[in-house]
1. Mean shadow of the chain, computed from the convex hull of its alpha carbons, in nm²?
2. Given springs between every Cα pair under 10 Å in a Gaussian network model of the chain, which of 266, 34, 290 has the largest fluctuation?
3. Can you tell me how much longer the chain between residue 303 and residue 215 gets when fully stretched, taken as 0.36 nm per residue apart minus their C-alpha distance, in nm with one decimal?
4. Give the shape of the stretch 220-313 as rounded, prolate or oblate, defined through the alpha-carbon gyration tensor: a ≥ b ≥ c are the square roots of its eigenvalues, a/c under 1.5 means rounded, and otherwise the shape is prolate if a/b is larger than b/c and oblate if not.
5. Which order do peptides 209-218, 172-181 fall in by mean Cβ count within 10 Å, highest first?
6. Below 8 Å, C-alpha to C-alpha, sequence gap of six or more: please give me the relative contact order for the stretch 1-149 in percent.
7. Evaluate the stretch 147-284: find the radius of gyration of its Cα atoms, find its Kirkwood radius, and give the ratio Rg to Rh.
8. Please state the shape class of the stretch 1-143: rounded when a/c is under 1.5, otherwise prolate if a/b exceeds b/c and oblate if not, all from the C-alpha gyration tensor.
Ligand SMILES: NC(=O)c1ccc[n+]([C@@H]2O[C@H](COP(=O)([O-])OP(=O)(O)OC[C@H]3O[C@@H](n4cnc5c(N)ncnc54)[C@H](OP(=O)(O)O)[C@@H]3O)[C@@H](O)[C@H]2O)c1
């Protein structure tokens, strides 16, 4: 089969290369899936650059965590799926419910666990969920990492209530899902971006307040101004070291800052005083469990919410897709169709 691998020693997206692998065969508990679409996450760029948690890749690994496809065969012991089902693999292997398991975790698309940018994938039946009937393969391929992360932050940990305020940073995959989920829950959404045209698109999706973080570098003060000095109940903190201090200023008394991303780096000097004086809390989020994914899918289906797919590339255009993502031109998700 055809696939793209992150090659050993990769230091950038040119390290993601086309290859061929033997067609996989499912074990007794596995499903064999003809992949139809995959989507990109910022994580995929970090892995290719050798800047993800495991450092520089030492073995060739099929790229990308997120994809959707059709089951074509099942192992002899499989009970959850049948040929013809439309499925998505879960980001983590073997995190079905509850808190994140301890010990080494296998996550798709980071060594030693092959990802989904290949014509065929196998998943243990435990590590897959059905695609909602309302979604295409392209739309479904956007869900396993970014959407589950936003759901985990806002609904599972955040326990978001109608009428509360969510602050989302930037208009990438996680933040646009946070916007859509928060609006579905009846919350007010304030969102930031470096681009006024992206902010316009965010308003069309229901953001009540938009702030350009380039032209308004003190965006945390603007958040406070727009909320009569109170701040946001939940901050979707994808920026990391460069934004955390401001996020702590922008959170409301008793609010929660969800620690998700490191877009601006990992090492900074955020002042913990804002946390204690506001009785606020920080909560780490690492994608989520299969149960969270299933809850998200029900909500998307019932509320007929469609993920925002910015652009779809073909399999042969994988490098163009990666470059497009790297430039940060996208709003929402970038998809590769197989
Ligand atoms: N913890 C987890 O489980 C988890 C899961 C998913 C993602 N993440 C992390 O979350 C982050 C976002 O991931 P993603 O896949 O959503 O990324 P993405 O789609 O590539 O989004 C990146 C966007 O972030 C915005 N951005 C960049 N610098 C910013 C800044 N200083 N302030 C505010 N916004 C800024 C930009 O938006 P504009 O173009 O609008 O300015 C950019 O387009 C990454 O660090 C990723 O590794 C973590």
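No lab work stands behind these numbers, since they all come straight from the coordinates. Bear in mind that the values here come from a model prediction, so they are computed numbers and not experimental data. Here the Cβ is made from the backbone with ideal geometry for all residues, glycine too, and neighbour counts use every protein chain on show.
1. 16.0 nm²
2. 266
3. 28.2 nm
4. Here the stretch 220-313 falls in the prolate category.
5. Those peptides, ordered most packed to least, come out 172-181, 209-218.
6. Value for the stretch 1-149: 31 percent.
7. So for the stretch 147-284, dividing Rg by the Kirkwood Rh gives 0.92.
8. Since a/c reaches 1.5 and a/b is larger than b/c, the shape of the stretch 1-143 is classed as prolate.
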